[in-house]
Amino acid sequence: MIKKTDNNNKLAQAQKLLSKLTKAVFWNCNISKFDCSRDRDYIIKRIIEVGLEEDEIIMWKLYPYEDIKRVALNMEYLERDHLVYMAFVLKVNEKNFKSYGQKPWYQKK
């Protein structure tokens, strides 16, 4: 049985990790209002898109492999170099990404 204090401690640790993320990743958001569970997909997506190495380390501490993999594979668009990197890190073929072969919105016609 998980004690309520254990759960509160985990939440506090997660919030502390979130506060260490690079400010540029969430420049338009108040990170202190984020909920690690509720906002999981958004946090992972933003870190993959614009995060630095330090942000990625925090992401791996906060979320399990399967969550990160699910979000990465289902992203609508991912820069080519980010896609190649995530495919390597996740050990997944690039063609399995939803964004594989997609053009950014400003190049679509």
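Here Gly101 meets each of (1) under 30 Å from Lys10 (Cα atoms); (2) in a loop (DSSP other than H, G, I, E, B) with one exception, condition (1). Considered as a group, the residues in region 14-28 that are surrounded by 13 or more Cβ atoms within 10 Å (Cβ to Cβ) and of a type in the set (S, T, N, Q) include one that is modelled with the highest pLDDT, and that residue is Thr22.
May I ask you to list the residues in region 61-98 that are of a type outside the set (A, V, I, L, M), outside any helix (DSSP H, G or I) and out of contact with any Leu (no Cβ under 6 Å at 6 or more places or on another chain)? It would help to see each step written out before you state the result.
To start, the set of residues in region 61-98 that are of a type outside the set (A, V, I, L, M) comprises 61, 63-67, 69-70, 74, 76-77, 79-82, 85, 88, 91, 93-98.
Pick out the ones that are also outside any helix (DSSP H, G or I) and you get 63-64, 74, 76-77, 79, 91, 93, 97-98.
Within region 61-98, Tyr63, Pro64, Asn74, Glu76, Tyr77, Glu79, Lys91, Asn93, Lys98 qualify.
Name the residues in region 71-89 that are in contact with a helix residue (DSSP H, G or I) (Cβ under 8 Å, 6 or more places away or on another chain) and free of Cβ contacts under 8 Å to residues at least 12 places away in the same chain, would you? Val84, Ala87 - these are the residues of region 71-89 that are in contact with a helix residue (DSSP H, G or I) (Cβ under 8 Å, 6 or more places away or on another chain) and free of Cβ contacts under 8 Å to residues at least 12 places away in the same chain.
Restricting attention to region 29-55 and to residues that are more than 22 Å from Ser99 (Cβ to Cβ) and not charged (D, E, K, R), the residue that is surrounded by the most Cβ atoms within 10 Å (Cβ to Cβ) turns out to be Phe34. Within region 90-102, being free of Cβ contacts under 8 Å to residues at least 24 places away in the same chain and not polar (S, T, N, Q) holds for Lys91, Val92, Glu94, Lys95, Tyr100, Gly101. Of the residues in region 74-84, none is surrounded by 14 or more Cβ atoms within 10 Å (Cβ to Cβ) and among the β-branched types (Val, Ile, Thr). Residue check: Ile58 meets all listed conditions (1) in a helix (DSSP H, G or I); (2) without any contact (Cβ under 8 Å) to a residue 40 or more places away in the chain but one, namely (2).
The values are calculated or read from the model by the stated rules, or taken from the named source; none is laboratory data. Remember, it's a predicted structure, so these values are computed and weren't measured experimentally. Heads up, the Cβs are rebuilt from the backbone with ideal geometry, glycines too, and the neighbour counts pull from every protein chain shown.
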